[in-house]
Every structure is written in structure tokens, then in C-alpha cells.
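The values are calculated or read from the model by the stated rules, or taken from the named source; none is laboratory data. If you're wondering where the values come from, they're calculated on a predicted model, not measured in any experiment. Every residue, glycine among them, receives a Cβ derived from its backbone with ideal geometry; neighbour counts consider all protein chains shown.
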Amino acid sequence: MTESSVQPAGSVQPALWPAPHAKGAVQATVAVPGSKSVTNRGLVLAALAAEPGWLRRPLRSRDTLLMADALRAMGVGIEETVSSSSAATTGGMGSGPEPTGTGEAWRVIPSGLHGPAAVDVGNAGTVMRFLPPVATLADGTVRFDGDPRSYERPLHSVIHALRALGARIDDDNRGALPLTVHGGGALDGGPVEIDASASSQFVSALLLSGARFNQGVEVRHVGAVLPSLPHIRMTVDMLRGVGAQVDEPETGGEPNVWRVSPSALLGRDLTVEPDLSNAQPFLAAALVTGGRVTVPDWPERTTQPGDALREIFTEMGGSCEFSVTAGGSSLTFTGTGRIRGIDVDLSEVGELTPGVAAVAALADSPSTLRGVAHLRLHETDRLAALTKEINGLGGDVTETADGLHIRPRPLRGGVFHTYDDHRMATAGAIIGLVVDGVEIENVGTTAKTLPDFPRMWADMLAGSGA
């Protein structure tokens, strides 16, 4: 699977993409594709359910196609349809719920998981961490491999936890990819301690499959501060949505302990929310140009970390209006022409750091971004990458122990390298709106979670949205 395989026909991106320069205030409505985090969690839960289910409006990007292909390799049926009527004609495979409304949907038909199977994780954290627990339930071996960068991303906590729960895994003692899971068709489960200070995905990985373990699972985090808690809340919320019983700290349970009881999971009809983190560059465009951008279908209630953008970008100088009509809910963000620096703890919403840093580099006062030391282990070392690339355009960014300190300086054009990191690419595009001559290296990496970003960006600037 390559990034180009999820690019629309005729959309091959040049090595250097001239970031469009805004001629004035952006005025647009931008329909943001579905959430990667929700889509991939939904695929895993549907694959482990006792009956077929549906994912409506799924994100179709490199990360989600890698997840779907991996589950197919282990025997799960995943059928893509374009409307409820066409979905209905694919029946005869179970009594799961029919989708409502129209639009693209994926029908997921669970089956006996099996190997031998080969899984390409690409550089997708959700695939490399969520699927080894699933593979322990397969009958046979499942081999995991991926992009070169995936070998450098931490996986040791998941591997050690699964071994403690009774799994057999060969990784040559690397604590990282590549690895082979020798599935036995079941896993005992039970209590396990885990250090998830490097990634909340370690906790989510065990919880998502926990209901299918013979004893369920009790996950106890024993490390330093746990980052990205909203993603664990998302996992818990989605587990409960398919009938799992989950005890968690926020509902009166022990601090840093999550329990999932053994049970069957229900097939359901899940409509995937827009990816609010991927809305960030478009809202940032309104902020840095003094414009106005509306994102339709912004949910009234959500566990997505991207919802924090409303507060963060308002503090940085904009204003937002949330509206609910008969046609649905939407968020409109308006820039005021002024960008203020910010001192903010992003530990729960670390994925927003690149976009916040890009806006902060254009502000009228310094910013300090804290609580994100774990970003050094993401798609790239995001703290080092942001420092190098913003400074390469004339900025003044320094790394701290757990974040960045950004002192605004007049920026100039130049090449903004992405390090195959989708959020680095969108950060560079934000800067390019107000700094002429910025060129983004490998903008096609945005296909990881936001297919056809260059077209969406151009449509936004044309005032037509996406």
C-alpha cells in the first residue's frame, strides 16, 4: 500500500508544492472528511463483533485503508458501498443493522480470524498498535511490517502486555516492528500493568480487543503522565456503544485503571464524525488571514481532541460560533486580524501541536507549547522538525524538555520539509498563506489522513469550500 494508491486519479503531487498565498481574508465552507481515529476504532470493533455492522462516511485515507486491508488479511469481510440502497443488495451475510441515509458506507462482516496473514502497517500508529491484540485471537500467525519509520516507533508496551496476558510474539527483543504474532484463536486476558507514557494508543489497543479475551482485561497504567487522554475516552465511549461494559477512572474507577468485561460485541450502524483535528488548517486559515471558515457537521458532543481548537484558537485571537439547525450542526470560526501568542498545555491534544506552532510563528507575541515530549516518537520527531523548519524560514523556535518556545520573527519563503508527516505538511501550508514563497516538500504525505488536501486548500482559497 502506498500513499499514491489513495490519491484521486490525476492528482500526483510534485516533489515541491508551492504553498498558495492568500490574497486576502479567506471566506469558505469546508466539508472535512471523516475522523481517522473513529474510523479505525470502528473497523476494529466491527471486526470483533458478533454480527455484521456498518460504518457510514468513513475516512478513506492511507491509514484507514491499511487498517481495512489488514483486517481483510485476517479473514474479515469489508465491503465498500456508495448508498444505503446498494448496501442492501450486498446482504445475505447476517442480521446486522442496515445503514440509514445515503453516501459511502463500509459493511463489515466478522468471521473467524485466521492466519497466516501479512499486515502492512505503513506508518500508522493505530494499525501497528491496535492490531497485534486482534491477531492474538486469530488462528495462525500474523506478520506485521511497515515503513522504515515504523521500526523506530515504540511498541514495546503492547508487546510486553500481550505476553503477560498469554500471547506468543516474536520480535527479536526489539520491542518494535517487524514482529510476528502466533495467534491461538483466543487469549486468557486478565490484569496487566503497562507504561503508556509514550502513547495513549497502548491503552486503547488492549481495551479495544479486551471484551473478546476470556477474562476480559484490566489495564493499569504505571508510567509517567499519560498523554492524549481524549483518545482513551473515545475508545471507552465507542466500546460502550457496541455493548461492552467498561469501568474507567472518570466514572468512579481507580485512577489510571481501565477494565473491560468479557462479552460479545454488537454490530452497529456508526456514522463517522468529521475529523476535527484535520479541520485545524482550515480554521487556522481564518485566524491568520482575518477570514471566516465554516465546518459543517461539527458534532455537538464529541470525544475528539480536535474539539479543543475552539478554545485554543479563540485564545489566539479568533472567535467561534456553534450553530444547530434542522440541517445539522456547524462551527464557524472568524479571525480578527490579530494573532496572539499562547501559553498552553497540549498534553491531551498533542496532535494539534504542529498547527498551533505554525500559527504561533505568525503571532504578535511569544508562545510556549507544553506537555508534548511524546511527540518526539510520532510520525517523526515533531518537536525537532518544527524547530528546524520554522527556523529555516527565519523563525525563532527552541525546544524545551516537553515542548516548544516560539518567538515570532518576520518569516521568509523557502522549502518546508515534511519528514513524511502529514501534520508537518499542513503546518507548512498554514505559514504559506501569509508568507510568500513557501514550498512544501512531499505534500502528498497528507494522504495519510486527509486525501486530496491540495485540492481542498485551493477550493478554500477560491471561496468554494471542499
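Tabulated data
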| read-out | value |
| --- | --- |
| Enumeration of residues in segment 245-274 that are outside any strand (DSSP E or B) and either closer than 14 Å to G53 by Cβ or touching a strand residue (DSSP E or B) at 6+ places or on another chain (Cβ under 6 Å) (or both) | E248, G253, N256, A264, L265, L266, G267, R268, V272 |
| Residue count, segment 178-203 (criterion: in contact with a Lys or Arg (Cβ under 8 Å, 6 or more places away or on another chain), closer than 12 Å to A167 by Cα and among the acidic types (D, E)) | 0 |
| Strands (runs of 3 or more DSSP E) contained entirely in segment 55-172, each with at least 1 residues that are modelled with pLDDT of 95 or more, of a type in the set (A, V, I, L, M, F, W, C) and surrounded by fewer than 23 Cβ atoms within 10 Å (Cβ to Cβ) | 77-83, 102-109, 117-120, 168-170 |
| Any hit, segment 228-239, residues being assigned to a loop (DSSP other than H, G, I, E, B) and on the phi < 0 side of the Ramachandran plot | no |
| Considering residues of segment 300-321 that are in contact with a Ser or Thr (Cβ under 7 Å, 6 or more places away or on another chain) and on the phi < 0 side of the Ramachandran plot only, the residue surrounded by the fewest Cβ atoms within 10 Å (Cβ to Cβ) | E300 |
| Criterion (hydrophobic (A, V, I, L, M, F, W, C), farther than 30 Å from T445 by Cα and in contact with a Lys or Arg (Cβ under 8 Å, 6 or more places away or on another chain)) met by exactly one of L265, L331 | L265 |
| Some residue of segment 281-290 being surrounded by fewer than 20 Cβ atoms within 10 Å (Cβ to Cβ) and either modelled with pLDDT of 95 or more or more than 27 Å from R240 (Cβ to Cβ) (or both) | yes |
| Pairs with Cβ under 6 Å, 6+ apart, first in segment 262-279 and among the basic types (K, R), second in a loop (DSSP other than H, G, I, E, B) | R268/V242 |
| Residue list for segment 397-437, restricted to those being more than 21 Å from G337 (Cβ to Cβ), loosely packed, with under 15 Cβ neighbours inside 10 Å and without any contact (Cβ under 8 Å) to a residue 24 or more places away in the chain | T398 |
